[in-house]
Amino acid sequence: MDKKLFFPAISKFFLGFLIVGCLLFLPANSFSYWNAWLMIGLLFIPMFLGGLLLLFKDPDLLRRRLQAKEKEKEQQIIVILSGFMFLAGFLVAGFNYRFQWLKLSNTVVIIASILFMIAYALYAEVLRENSFLSRTIGVDENQKVVDTGLYGIVRHPMYLVTILLFLTMPLILGSIQSFFIFLLYPIIIVRRIQNEETVLAKELKGYSKYQEKVRYKLIPFIW
């Protein structure tokens, strides 16, 4: 086990856990917000187990996933907008519980939780297929185009999966108001993809041919 990788990985994990918890429970003014506990469990338990697996099986991929500093100026703006979206969405969900503005039914919460777990399974599959997958835009040395599996259907399956993950989060939290805030995420991702494709076509060998082979960027038969 790479101890130099373990400590930053576990530190970021607990920092993320703490931030999400504060953003939900402080505005809720209660630890009885069971939807928040449900979402935290669904989000962080697989994240912890997956991180341990990558630590032993593919530390290079884990190292790439921990990198969060964007070099592209346009992507830096996109990351900031995403951060504000999460901040607003989680705070509103907490306040929604506190003041009981509009509460979604348990049926909606259960369905959203199932969809979230399916999306998480697809997320793991994307990581398995593409060991070069990074959180930042760029091309690593010896990186190759992946055109099999989910990458044979759409060019950006990870973004499709994250859209499903993030749109189910506010529903798990029981907040329709937060759901409308999170609807900004697909718009942000479309802009991110447009910039990323420009970079990849320019810097990644074979990507232009891959664009011709796999026509759809995000949603099959649509875009």
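Here are a few things to note about the model shown:
- Helices (runs of 4 or more DSSP H) lying entirely in segment 1-104 (those with 2 or more residues that are out of contact with any strand residue (DSSP E or B) (no Cβ under 7 Å at 6 or more places or on another chain) and under 20 Å from Ile181 (Cα atoms)): 3-28, 34-57, 73-99
- Residues (of a type in the set (A, V, I, L, M), under 17 Å from the mean Cα position of the chain (by Cα) and farther than 15 Å from Gly174 by Cβ) located in segment 9-42: Ala9, Leu15, Ile19, Val20
- Residue satisfying all of: in segment 207-223; of a type in the set (Val, Ile, Thr) and in contact with a helix residue (DSSP H, G or I) (Cβ under 8 Å, 6 or more places away or on another chain); farthest from Gln143 (Cα to Cα) among these: Ile219
- Number of the exception - Leu200 against (1) out of contact with any Phe, Trp or Tyr (no Cβ under 6 Å at 6 or more places or on another chain); (2) in contact (Cβ under 8 Å) with a residue 40 or more places away in the chain; (3) outside any loop (DSSP other than H, G, I, E, B): (1)
- Pair list, Cβ < 6 Å and 6+ apart or interchain, from segment 175-189 residues that are under 14 Å from Gly94 (Cβ atoms) to residues that are assigned to a helix (DSSP H, G or I) and among the aromatic types (Phe, Trp, Tyr): none
- Residue identified as within 20 Å of the chain's Cα centre (by Cα) and not in a helix (DSSP H, G or I) among Ile181, Ile219: Ile219
- Leading residue by the ranking (surrounded by the fewest Cβ atoms within 10 Å (Cβ to Cβ)) among those in segment 155-177 that are under 17 Å from the mean Cα position of the chain (by Cα) and outside any helix (DSSP H, G or I): His156
- Filtered residue count, segment 192-223, keeping only those that are loosely packed, with under 15 Cβ neighbours inside 10 Å and charged (D, E, K, R): 7
- Against the list (1) more than 22 Å from Arg192 (Cβ to Cβ); (2) of a type in the set (Gly, Ala, Ser); (3) buried (at least 18 other Cβ atoms within 10 Å of the Cβ), the condition Gly21 fails is (3).
Each value in this text was obtained by applying a stated rule to the coordinates, not by laboratory testing. These numbers were taken from a predicted model, which means no experiment stands behind them. Note: ideal-geometry Cβ built from the backbone for every residue, glycine included; neighbour counts use all protein chains shown.
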